[in-house]
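Notes follow the structure.
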Amino acid sequence: MQDIMKKNALSIEKSVSGRRGVRFEQSAKLPQDILPQECLRKTAPKLPEMSELDTVRHFTNLSRQNYCLDSHFYPLGSCTMKYNPKAYDVLSGLDGFASAHPFAPQAGVQGTLELLYNLQELLKEVTGLSAFTLQPAAGAHGELTGILTAKAYFKAHGEHQRAEVIVPDTAHGTNPATSNMAGYKVVNIKSAADGCVDKEALQKVLSDKTAVVMLTVPNTVGLFEKDICEIAKMVHAAGALLYMDGANFNALMGVAKPASFGIDMMHLNLHKSFAAPHGGGGPGSGPVGVAAHLAEFLPKPTVAKVGEKFVLQETMPNSLGKIKAFYGNIAVCIRAYCFLRQYDEKTLRQVAEQAVLNANYVRVLLKDYFPAFFDAPCMHECVLSLQKEKMNGIRTADIAKRLLDYGFYAPTIYFPLIVPEAIMIEPTETENKEMLDLFVKAMKAIFEEIISEPQTVHDAPLHQLVKRIDEVSAAREPNLRW
Amino acid sequence: MFTSNTPENEKEMLSKIGVSSIKELFKSIPENLLYPSFNLPAALTEDALHKHLHALAEKNKSYLNFIGAGCEEHFIPAAVNALSLRGEFLTAYTPYQAEASQGTLQTIYEFQSSICALFNMDVCSASHYDGATALAEACLAAQRVSNKKKILFSAGLHPHYKEVLHTYLKNVPEIVLQEVPLKDGLTDQNALQTALAEDVACVAVAGPNFLGQLEPMQALCDATHQAGALFVAVVNPLSLGVLQTPGEYGADFAVAEGQSLGNAMHFGGPGLGIFTCKQAYVRQVPGRIVGIAKDKDGNRSFVLTLQAREQHIRRERAASNICSNEALCALNAVIYLTLLGPEGIKEVASLNLSRAHEFKEMLVKNGHKIKFAGPFYNEFVVEVNTSAQEVIEKLETQGIAAGYDLGQVCENLKNCLLVCVTETKSVEDLQKYAQALRGF
């Protein structure tokens, strides 16, 4: 049977010469009658030839080889895989939005501009910051925007000697990579024993060369950076700026405003905290919010309101410039706007509260099996580790693969780097106790398997369409295309 | 709104955790920072939200659209969104757990393959943010490969691409950016020759360029290579159904905005950054790449590969900081290309080419001046007898989006309108626009 319906046949392997999925009108003139021969392509591209039905079946069947949020608990730490309401898919795709051209007369795109303006306002309100740009296409792109905003700020103040960005060892890899792309030297600092910033270590490296300190709050071990206000003062005393990586904003939504910590800027991930789906890798959206003194340096244009009209504000002489073509990932922004319009002052706190409740519940129930690396109440995610002596040689990667067999997507693993064999679990606020109980049950069952039949865990997954993949085999002689 | 723990759930959970209230879980946040006030509008039910968003969408006007300039209106077959909006694709994350993400991984492999076939290039990444950022990354990669400091770019690049290039590259101390001017709507080859000194890392040229003109990509590429520099092509992917491909003229890197392949305009985003290169530069590619691997039983499977380039492994020494990309837009593109196949892509590109030329003939007959004489694909420049801005404003009231006002980028071109004609326009549409343009 399996050979007949080969499960992962490529479209090109199903291709039959002469088959078509869609037809267009015949053009009045042929290309060779319009353009000189040297302008034309010589051979047809090797694309599959399939009917519409073949195509629909091909991609439908491929989709069924995915775990996804709609079908599975997806506790991928730091990725905030919360439910993506179906209404937002429909509404962001409304023809009025989807058909708007970025260079259309602004009188004809007032609906989109109004929405974007109001989204900026809502983001300002939930973070307490003074201005937002919606342009960045993803979190890392937001980081780059933030760091370049800082660069433009220091340039305007003639502080060219500030050439360093300080990053703790718990940071996402994007933080140092971003700083490097922005032309800064990265200074790494070790975390303290409690998982938070080591203030002494920070003080040692802060100087008049420091441009920015990048912190994730709560940090990547799932703990609130308890001295954040003091850190902000230290950073400012050194004349530097404090950047907050907002990847973990879900822990704070409706409960605290980052501006009150004393930060100068942050990015948000609309595809995480604001319920836009991740689409298997993107598109995301990473708006950047800043305190008042940095607003003039944001990318241009921002969306402004002039009288009753909404306009793209292009005149920003101190702007860092453009960070992408056009104005941002608008379809994602529309979803985030929908999300925020479904909450009010009373209910917004449920986001952080339920996210934190769920994460602590999992942490506590798994305590005797996979203890938290830092034994303290966590925020929206918990970072667990292994009791090495009981593991029979089983590693975190094995546990992750075995979870797939139990019908759960795996948590984030081996991150943050300071936690050996890290298992980072982020349930989000949209899961409930019953689902978490099932997940805990699976984790406990795997723990028992590690004791009694470690080989099963070692060989996992056993019940997926493919067995454990040898990732090294892909890199040896890369096959990246047909 | 979308939480579902009941008060009973909450009670049980808190008791297991060993605290008496949720607030206790936030003890690590200083008390004075907790629970500030939020000035938010009243929460909407789903029903009310629908009405609100419909009302906003209706404030946007529907035009008979002739604007291109980096974002084009094309027909999107219904199967594209019907498939890509399936929750299995839409609500999955980056495929870190390959065994449970084979669907997404295989679609990315097929995307990479289809784009390589269309471009005649060796390697394609899983996607980048948009055409402009893909261009900036390609120039950075070319600089790393060649270890030379100067990056030349044609003045014919999209103005936004030029700005993004500046934003990305001006912060790398060892890079010098230099613009090569246009002559008669095309990159000035003499000026390029002069600029091609020994320290040039790469030359970036768009074909078609921002004025719609087909650059002599072969000649520009050859001249670049003769000077020992790398050639970075910016192309319109749909046009490659008929136009000479970057692989054919020997480009080292070829990037593009892939929105025209099955993605809606959406006020300019999300776009689809396409990043391709020659095999030799595969380890300089920014972001995700999917490759074929073997599972334990020796069966074919798909994984994210060559990850040693990436930020989560290499941190400050990574090729780029990119993490999230535009996977769903890439999925739209590969479904679109699969539906069209080699014949369909040729057909739709031919139709764009042919309709645009039909329209040009109509305008010439009506006595309009076409600004540049060279070959073009689906976009060209009309010179009108008043400011392009005025034409745009007048025609807007008739429901026609007349084009892009080139006066925005060049004072000398303020009477020039950049007009794009795609397969979505019927001959009647063209006649309607031509009629409205009489007298200008």
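So that you can scan it fast, the table gives a plain yes or no per residue for (1) of a type in the set (V, I, T); (2) in contact with a Lys or Arg (Cβ under 6 Å, 6 or more places away or on another chain); (3) outside any helix (DSSP H, G or I):
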position: A:I334; (1), (2), (3): yes, no, no
position: A:Y343; (1), (2), (3): no, no, yes
position: A:Q350; (1), (2), (3): no, no, no
position: A:Y361; (1), (2), (3): no, no, no
position: A:F374; (1), (2), (3): no, no, yes
position: A:M379; (1), (2), (3): no, no, yes
position: A:L404; (1), (2), (3): no, no, no
position: A:L417; (1), (2), (3): no, no, yes
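Per-residue answers, yes or no, for (1) more than 16 Å from B:F253 (Cβ to Cβ); (2) β-branched (V, I, T); (3) out of contact with any strand residue (DSSP E or B) (no Cβ under 9 Å at 6 or more places or on another chain); (4) not assigned by TED's automatic domain parsing to the domain that holds B:H357:
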position: B:F119; (1), (2), (3), (4): no, no, no, yes
position: B:L152; (1), (2), (3), (4): no, no, no, yes
position: B:A155; (1), (2), (3), (4): yes, no, no, yes
position: B:H158; (1), (2), (3), (4): yes, no, no, yes
position: B:E174; (1), (2), (3), (4): yes, no, yes, yes
position: B:V180; (1), (2), (3), (4): yes, yes, no, yes
position: B:K183; (1), (2), (3), (4): yes, no, yes, yes
Checklist entry - Considering only residues of the range B:158-208 that are in contact (Cβ under 8 Å) with a residue 60 or more places away in the chain and part of a helix (DSSP H, G or I), which is surrounded by the fewest Cβ atoms within 10 Å (Cβ to Cβ)? => result B:P159
Checklist entry - If you take the residues in the range A:122-151 that are in contact (Cβ under 8 Å) with a residue 24 or more places away in the chain and surrounded by fewer than 19 Cβ atoms within 10 Å (Cβ to Cβ), which one is nearest to the other protein chains (Cβ to nearest Cβ)? => result A:G128
Checklist entry - Does B:V391 satisfy being assigned to a helix (DSSP H, G or I), more than 9 Å from chain A (Cβ to nearest Cβ) and within 30 Å of B:T187 (Cα to Cα)? => result yes
Item to check | Listing of helices (runs of 4 or more DSSP H) fully contained in the range A:1-90 that carry 2 or more residues being more than 24 Å from B:S101 (Cβ to Cβ) and within 7 Å of chain B (Cβ to nearest Cβ) | outcome: A:31-34
Next on the checklist: Suppose the filter is surrounded by fewer than 17 Cβ atoms within 10 Å (Cβ to Cβ), at pLDDT 95 or above and more than 7 Å from chain A (Cβ to nearest Cβ); does B:A42 pass it?
Outcome noted: no
Checklist outcome for this item: Condition set part of a helix (DSSP H, G or I) and touching a helix residue (DSSP H, G or I) at 6+ places or on another chain (Cβ under 6 Å), scope the range B:106-131, selection surrounded by the most Cβ atoms within 10 Å (Cβ to Cβ): answer is B:T107
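Can we say B:S301 is assigned to a loop (DSSP other than H, G, I, E, B) and buried (at least 24 other Cβ atoms within 10 Å of the Cβ)?
Spelling it out, it is not the case that B:S301 is assigned to a loop (DSSP other than H, G, I, E, B) and buried (at least 24 other Cβ atoms within 10 Å of the Cβ).
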Item to check | Single residue of the range B:309-327 satisfying the filter (in contact (Cβ under 8 Å) with a residue 24 or more places away in the chain and in a helix (DSSP H, G or I)) that is nearest to the other protein chains (Cβ to nearest Cβ) | outcome: B:A327
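For every residue, the table says whether it meets (1) farther than 18 Å from A:K82 by Cα; (2) touching a residue at least 12 places away in the same chain (Cβ under 8 Å); (3) within 8 Å of chain B (Cβ to nearest Cβ).
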| position | (1), (2), (3) |
| --- | --- |
| A:Y337 | no, yes, no |
| A:L340 | no, yes, yes |
| A:T347 | no, yes, yes |
| A:Y361 | no, yes, yes |
| A:D368 | yes, no, no |
Checklist outcome for this item: Scanning the range A:374-386 residue by residue, the ones that are surrounded by fewer than 24 Cβ atoms within 10 Å (Cβ to Cβ) and not polar (S, T, N, Q) total 5
Item to check | Some residue of the range A:333-344 being under 14 Å from A:P427 (Cα atoms) and either in the same structural domain as A:H101 (by TED's automatic domain parsing) or not polar (S, T, N, Q) (or both) | outcome: no
Next on the checklist: Of everything in the range B:45-73, what is of a type outside the set (D, E, K, R), more than 7 Å from every other protein chain (Cβ to nearest Cβ) and assigned to a loop (DSSP other than H, G, I, E, B)? Give them in sequence order.
Outcome noted: B:T45, B:F66, B:G68
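The values are calculated or read from the model by the stated rules, or taken from the named source; none is laboratory data. Just so it is clear, the model here is predicted, and its values are computed rather than measured. Positions of Cβ are generated from backbone atoms using ideal geometry, with glycine treated the same way; all protein chains shown enter the neighbour counts.
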